[in-house]
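Heads up, the thing below is written out as structure tokens.
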Amino acid sequence: DGGATWRNLGLKDSRHIGRILVDPHDSNVVYVAAEGPLWGAGGDRGVFKTTDGGATWKNVLSISEHTGVSDLAMDPRDPNTLYAAAYQRERHVYTLIDGGPESGIYKTTDGGAHWTRERRGLPAVSLGRIGLSISPADPRIIYATVEAAERQGGVFRSTDGGASWEKRNPIQPGAMYYAQITADAKPEKNTALMTRLFP
């Protein structure tokens, strides 16, 4: 009814949801990027999928009790192909654990049944928060803002559907002042725009 009324559809222990994607061919199929609680382990973390409009959910990408998923991107020509940004983090009074070896980019081509971690060209150190954007003009082109240890992060681009990555800009995004990336829709541009999102 256009937002006049709402009802809770679960995933209450996700605490933080980074992205919700609806299959353009079937609105009953929805994917949720769940980060989980900030102040402790556990909760609903990973990528959750429903095929019945939210009545039931299945965790199709579970990494660990410390790592959730902060972003999702869907191939505009094939909704079964998705990319997920895993984010290992936990807040304490004295510090923020911002990243770790479990952070990374994952890909599925079968609607979440199987996932592979894409590594080639990305920093080999511990990664932090990652943002993703697929080019609407050419889904083989994907942009990622990658937070990484030892100042090895920046803006990365893949031109082969995530199989390999190339660093395009040394701008280091920060999790607390997050930089979201958006691919240009015009095929001749082949560019991306990064914007700062302040808490």
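For region 60-102, the set of residues classified as under 16 Å from THR116 (Cα atoms), among the aliphatic types (A, V, I, L, M) and either free of Cβ contacts under 8 Å to residues at least 60 places away in the same chain or open to solvent by less than 20 Å² (accessible area, probe 1.4 Å) (or both) consists of VAL60, LEU61, ILE63, VAL69, LEU72, ALA73, LEU82, ALA84, ALA85, ALA86, listed by residue number. The residues in region 8-22 that are outside any loop (DSSP other than H, G, I, E, B) and either open to solvent by 80 Å² or more (accessible area, probe 1.4 Å) or under 13 Å from ASP44 (Cα atoms) (or both) can be counted, and the count is 6.
Within region 150-173, how many residues turn out to be more than 15 Å from the chain's Cα centre (by Cα) and within 14 Å of TYR87 (Cβ to Cβ)? Result for region 150-173: 1. Note on region 60-80: among residues that are acidic (Asp, Glu) and under 24 Å from ALA183 (Cα atoms), the one that is nearest to the chain's Cα centre (by Cα) is ASP71.
Sub-7 Å Cβ pairs linking a first residue in region 37-48 that is part of a loop (DSSP other than H, G, I, E, B) to a second residue that is of a type in the set (A, V, I, L, M, F, W, C), at least 6 apart or interchain, are ASP44/LEU11; ASP44/ALA34; ARG45/ALA34, ordered by first then second residue. For region 43-59, the set of residues classified as more than 25 Å from ALA179 (Cα to Cα) and open to solvent by 20 Å² or more (accessible area, probe 1.4 Å) consists of GLY43, LYS49, THR51, ASP52, GLY53, ALA55, THR56, TRP57, LYS58, ASN59, listed by residue number. Consider region 108-158 and keep the residues that are farther than 28 Å from ARG77 by Cα, touching a strand residue (DSSP E or B) at 6+ places or on another chain (Cβ under 7 Å) and part of a loop (DSSP other than H, G, I, E, B). The one that is most open to solvent (accessible area, probe 1.4 Å) is SER126.
On the stretch given as region 159-179, residues that are surrounded by fewer than 19 Cβ atoms within 10 Å (Cβ to Cβ) and part of a loop (DSSP other than H, G, I, E, B) total 12.
The values are calculated or read from the model by the stated rules, or taken from the named source; none is laboratory data. What you see is a predicted model, and the numbers here were worked out from it, not measured in a lab. Here the Cβ is made from the backbone with ideal geometry for all residues, glycine too, and neighbour counts use every protein chain on show. All accessible areas refer to the heavy atoms of the entire protein, side chains included, with ligands and DNA or RNA removed. Shrake-Rupley method; radii C 1.70, N 1.55, O 1.52, S 1.80 Å.
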